[in-house]
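The values are calculated or read from the model by the stated rules, or taken from the named source; none is laboratory data. Quantities reported herein were computed from a predicted structural model and do not represent experimental measurements. For neighbour counting, all protein chains shown are included, and Cβ atoms are generated from backbone atoms with ideal geometry for every residue, glycine included.
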Amino acid sequence: MNEADGSGVKSAERALTILELFSRPGRALTFTQVAELLGYPRSSLHGLLRTLTDRGWLRLDPATRRFTLGLRAWQAGVAHRPAVELERTTRPVVDQLQSTLDGRVHVSVPDAGDAVAVVHTGDDTGRRVGAHSSSCGRVLLAHLDRTQVERRLAGRVHEPVDELHRTLETVRDQGFAEGDSDIEAGLSTLAVPLRNRSGEVVAALAVTTPPSRLEDGGRERALDALRQAAARLSAALSPVPA
């Protein structure tokens, strides 16, 4: 590995990309599948996968010859205290909302230009989606200023910038975002901001459900339940450290 020619940085980037590839819950891939998805030279991919497996970041099932995330990845995850504390604080309310709203309830936080589900009553905890294309993401972006929004979404948005800002202004004014689920076709998502005790928007609280459940007053009932839950949680969420 020669740092002078940048190969050290390239190897680090590739290793992180491999870990990100496996960050989807339940993902198990063969060597061939990883090679096809990433397009890395097979010789260097062998070395990267072997190193990540030897260090415990990946696990290779000897029977299926499929790689999955290893225990080191879990250790790194639980070391991220803000996400762990948010999950612990919101989980009881999220589980209660699950039965009340008859849908999949989730809490998402911002990460650069994405929204990441840190709590989910389905199988999508940890799922990452583009903030501009999701209801949760638009709630999070709506409470940033224009410069912050454009910096986070640089190179990722294909719609006219002014149109995006008008959409975010509407979300901010009405206090919620709604739209088609970007994870599962045929479902709709409603999302509201989740604030901490200082009033800062730190997450989005949402429900994903069939559109039929939002008809005949269902939308208003769902929004009311989400807002009440967000208000209860707000008192328990600490300010973001400076």
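Numbers for the structure displayed
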| item | result |
| --- | --- |
| Residue identified as surrounded by fewer than 16 Cβ atoms within 10 Å (Cβ to Cβ) and at pLDDT 90 or above among Ser188, Ser212 | Ser212 |
| Identity of the residue in the range 164-173, touching a residue at least 24 places away in the same chain (Cβ under 8 Å) and surrounded by 13 or more Cβ atoms within 10 Å (Cβ to Cβ), that ends up farthest from Leu214 (Cα to Cα) | Leu164 |
| Test: residue in the range 210-222 that is outside any helix (DSSP H, G or I), of a type outside the set (A, V, I, L, M, F, W, C) and touching a helix residue (DSSP H, G or I) at 6+ places or on another chain (Cβ under 8 Å) | no |
| Criterion: touching an Asp or Glu at 6+ places or on another chain (Cβ under 8 Å) and of a type in the set (A, V, I, L, M) - qualifying residue of Ala15, Ala28 | Ala28 |
| Selected residue [under 20 Å from Leu21 (Cα atoms), among the aliphatic types (A, V, I, L, M) and in the same structural domain as Ser188 (by TED's automatic domain parsing)] from Val109, Val139 | Val109 |
| Filter result for Val201 (under 14 Å from Asp95 (Cα atoms) and either surrounded by fewer than 18 Cβ atoms within 10 Å (Cβ to Cβ) or β-branched (Val, Ile, Thr) (or both)) | no |
| Where Asp123 falls short, out of the listed (1) touching a helix residue (DSSP H, G or I) at 6+ places or on another chain (Cβ under 7 Å); (2) in a loop (DSSP other than H, G, I, E, B); (3) in the same structural domain as Asp180 (by TED's automatic domain parsing); (4) not β-branched (Val, Ile, Thr) | (1) |
| Residue within the range 61-79 that is at pLDDT 90 or above and within 25 Å of Gln228 (Cβ to Cβ) present | no |
| Filter result (in contact (Cβ under 8 Å) with a residue 24 or more places away in the chain, of a type in the set (A, V, I, L, M) and out of contact with any Pro (no Cβ under 8 Å at 6 or more places or on another chain)) within the range 185-202 | Leu190, Ala191, Val192, Leu194, Val202 |
| Test: residue in the range 174-182 that is within 17 Å of the chain's Cα centre (by Cα), part of a loop (DSSP other than H, G, I, E, B) and either surrounded by 19 or more Cβ atoms within 10 Å (Cβ to Cβ) or among the hydroxyl-bearing types (Ser, Thr, Tyr) (or both) | yes |
| Any chance Val161 is assigned by TED's automatic domain parsing to the domain that holds Thr208, crowded, with 18+ Cβ neighbours inside 10 Å and of a type in the set (Val, Ile, Thr) | no |
